Every structure is written in C-alpha cells, then in structure tokens.
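Since the structure comes first, as structure tokens, the remarks are kept for the end.
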Amino acid sequence: MNRNKPGSLLIKITSLTLMMMLLLTAVPAQAQTQQELYQQGLDALYGQNGAEKSPEQALIIWGPLALDGYAPAQSALGYLYLEGIVVEQDLEVAIGLFEEAAKQGDAYAQERLGYLYYNGRGVPQDYAQAKSWYEKAALRDKPDEQALYQLGMILLYGLGTEADPTSARGYFEQALDLGVAGAAYTLAVIYTRGMGVAVDAQKAVAYLKQGADMGSPAAKTALGKRYIYGDGVEKDVQKGIALLKEGGEGGNASAFNSLAVLYDLGQDVPQDYAQAMAYYEQAAALGNAASAYNIGILYQMGRGVDADMDKAQAYYAKALAMYEDTIHLPDSMQQVAYMLKNGYGAQADPARARAFYQRAAELGNAESMYALGVMLAKGEGGDANREEAITWFTSAAERNHSDAMVYLASLLSEGESGQDWEQHRRRPLLSFLLRQKRQRGLHPLTTGAGFAGWAVR
C-alpha cells in the first residue's frame, strides 16, 4: 500500500482546513491554549457545553493544531478521516495522523492503530501489531479502556500469540471498572465456558445482569436467552423476549436470530414461520451467519416456504463465508466445522471439519469437544482414537453437555478390556453419567442438525 508521505499528508490537511475556513466562520482570535482550543473542537463536534453542534467547526479548530504537532488534535482529526465525518473517508490519512500522535504517546491514537491492525482496515490484518499497539495504550498510568478490552480478546482467544485466559480476565475486569459494558458480557462467557476458570453459572449470570444494566446489547441478549430457558435464573419467557428485543434494537444480530428461532420452533410462543423469517432476515442483514444458516434450513426442510435445495445451499454458502470472517472465534469454528462435515454450503470435508472442531474445543467450546469426541470415536476425518475421544467427552460433560455425558457413559461401560471402567467407575461424574443414560434411555448419536446461534447460552 502506498501510504501518504508526511509532506502530502500535511498538504491535504492544510488545503482542506483553509478551504473550510473560507466557507465558515473562523475560530475567535483571542489567545487560547492548545488544550482549550482542542476542547472547543470537541464541544463543536458533539454539540456539548453550550456549543452548537458543528463538525465543520471542529475540523477548522483541529486542523491548525494538528499541523502544529498537537497530538490530541492529530488523533481527533484522524477520527474524522477514519469515519468520514465532514471529510471524505481516507484511511491512509487517518493512519498517518494516528501514527504521528502515537509517537507522542497519545493513548487514543495507539488504541485506534490497534483497532485498524486487528480488523485489517487500511492495513493488512496483523494481530501481533494490534497487540503491540493495544499494549502501548493499555499498559500505562491512565489506560485506554477499549485497549484493555481488546488486549483481553487477543489473549483470551490466542490471536497471534499464545492464549492466556487468566491475563485476559484481568484486562476485562479493568475494562469493566472503567465502564466498558461489553467486558461484563465477555466475563460472563468466560465463566459460562470455564475459560481458565471453573464453570460458574452464578457468576456468569451476575456479570450478564451487570452488563445489561450498563446497556450492553450482547449481555441483554445472552441474559434474555437464559430467562427463556430458565438457565441459571427463574424461567420468565416474557422477560427473556423483552431483553432479546432490547438487544436487537441495540444492534445485536444474535438477538434477532434467537427471536426467530422461538417463532420458527413455536417454543413458548405460537409458531409463526413468517415472523421467524422476518427476524432471520433482520439478523442476516446485520451480518449474522447463524440466521443465514437457519434460512437455509427453512428452504431445505420446506418450513413456511417451498422446499428449494438450491436456495438452501446458497444461504449455507453465505453463512459459511460469514463464519469464516470471524473464524478466530470458537463459535464460528464450531459452526464451520459442522457445515464442512455435512456438506452445507461447500463440499463435505471431514478432515477440515475435525481440525476446526479441534481448534474450537481447545478454546473451551463444549459442543466442539463433543463433536470432536464423536469423530475420534468413529474415525471420521482421521484415525480413530478412543482415549482422546474419552478425554474430550469428559471435558464436554464437565461443562454440562448432556449428549457427551451419555456418549461417555456408554463408551466407558462398553470398554474393550474393562480397564477404563475400573479406572473411572469410582469418579462421581461417572455415576451421574450412568444415571443420565438410564433416565434418557438413549444410545450415543452423532451431533444432529440444530439451529445455529442458540446452543451457547
């Protein structure tokens, strides 16, 4: 990429600032400090502290300050170029401004550079570079709260570095203390899945309630699902639906998908395929892969629409592409694995499916632990390995995955030599597993087709 040289960057900023000053009333001439002028620009941008909202005036104020090398103004001007506010969006100019400010230690500029490298906007995606910039912004006397959160995400999922859920949790806790509502949701995920901690549903629910109170759409969505299921809270379907609607209105696509599933299945609400499709389409339009996948199911099964396998595969392909965009997340890995295993949206590829299940399982995804155990037990996508299968079924069972409990009980009770049975029969978990098997009267089955985006609560 041909990045703007400092000279051309200055020319662009100078030219635009002069043009805006000719069009609009300039800044009053009285002497003011750079900090006072910078604050005046903020007031104009947001229409606060009695100032009239005028992003144009903010540009006029910040332009000369940026040219003088004032880091906060360079960052602020970078924000305008990044978002295309008043000026035409120009990522190269934004990056140049952020870099100039970051050299002077500006935390916001450092955090924004981390964001750009994390997402591959204007630069090649590079998690190592993102981590470096986030660390600069987070590990300081006055840390940037978003940098703390994003550094936690990198360490939680091992993006470009070794996973470190313990350190990640510490960063999320700091971010939450600084008011980042999304950190409460992520801490709930950590305690729900047992990522570097023991599974603790009570803590998970407490964090979800805290996040919902702080306005996190993701926390509202996850808490809404728990109320609908009575999962860790007293079942309250209407409260759950209300929270899902709030989550959706806040931009959480998963909330619309979850509402769609309720109407699709007629679960605690009258079955209504038209309403389900409407919610699925809302979620898919927001980039929700699960909804595109679920629309594919409707067309494949002919539920509320004429059965059409071509349309189903087209939606599966869309879903697969969306999941691959977030393949660093274990839920996405799990769903990609399921689709590759079954040939949804792409040619069936059990070996790749098994590899994705392995990666997701290592990141604490219980459904992937179970599915990987099935593939290992049956020799699907690679050699059979009964001992590894037992290990993964045990991990999933300890995370309350009921199918894994049943499969593990059968695998141990039907062991080849009886050695496994003697080794495990005294464990409290096995007694519970055998009770589950007897009560359900089930024989182990492979993972069945389900509704994406609903299993993880």
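The values are calculated or read from the model by the stated rules, or taken from the named source; none is laboratory data. These numbers were taken from a predicted model, which means no experiment stands behind them. Positions of Cβ are generated from backbone atoms using ideal geometry, with glycine treated the same way; all protein chains shown enter the neighbour counts.
I'm told Arg169 meets every condition in (1) under 30 Å from Gly224 (Cβ atoms); (2) basic (Lys, Arg); (3) crowded, with 22+ Cβ neighbours inside 10 Å except one. Can you identify the failing condition by its number?
So Arg169 meets the others, but not (3).
Residues are listed down the side, and each one gets a yes or a no for (1) over 17 Å from the mean Cα position of the chain (by Cα); (2) of a type in the set (Val, Ile, Thr):
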{"position": "Pro165", "(1), (2)": "no, no"}
{"position": "Tyr171", "(1), (2)": "no, no"}
{"position": "Leu178", "(1), (2)": "yes, no"}
{"position": "Ala181", "(1), (2)": "no, no"}
{"position": "Leu187", "(1), (2)": "no, no"}
{"position": "Arg193", "(1), (2)": "no, no"}
{"position": "Val197", "(1), (2)": "yes, yes"}
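Within segment 97-152, work out how many residues are part of a loop (DSSP other than H, G, I, E, B) and among the small types (Gly, Ala, Ser).
Of the residues in segment 97-152, 3 are part of a loop (DSSP other than H, G, I, E, B) and among the small types (Gly, Ala, Ser).
If Ile190 meets every condition in (1) modelled with pLDDT of 95 or more; (2) over 27 Å from Ala397 (Cβ atoms) apart from one, which number is that one?
(2)
The rows are residues; the columns are (1) on the phi < 0 side of the Ramachandran plot; (2) surrounded by fewer than 19 Cβ atoms within 10 Å (Cβ to Cβ); (3) without any contact (Cβ under 8 Å) to a residue 40 or more places away in the chain.
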site: Met195; (1), (2), (3): yes, no, no
site: Asp213; (1), (2), (3): yes, yes, yes
site: Gly230; (1), (2), (3): no, yes, yes
site: Leu244; (1), (2), (3): yes, no, yes
site: Gly248; (1), (2), (3): yes, no, yes
site: Ala255; (1), (2), (3): yes, no, yes
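Of (1) touching a Lys or Arg at 6+ places or on another chain (Cβ under 9 Å); (2) farther than 30 Å from Glu234 by Cβ, Ile190 satisfies all except one. Which?
For Ile190, the failing item is (2).
Taking the conditions exactly as written (of a type outside the set (D, E, K, R), modelled with pLDDT of 95 or more and out of contact with any helix residue (DSSP H, G or I) (no Cβ under 6 Å at 6 or more places or on another chain)), does Ala314 satisfy them or not?
So Ala314 fails the test.
Using the structure shown, decide if Gln174 is modelled with pLDDT under 95 and either in a helix (DSSP H, G or I) or among the polar types (S, T, N, Q) (or both).
Answer is no for this residue.
If you take the residues in segment 94-119 that are within 16 Å of Gly69 (Cβ to Cβ) and among the aliphatic types (A, V, I, L, M), which one is surrounded by the fewest Cβ atoms within 10 Å (Cβ to Cβ)?
The residue in question is Ala102.
Within the set of pairs 6 or more residues apart or between chains, which connect a residue that is of a type in the set (D, E, K, R) inside segment 136-160 to a residue that is assigned to a loop (DSSP other than H, G, I, E, B) with Cβ atoms less than 6 Å apart?
Glu145/Leu178; Glu145/Val180
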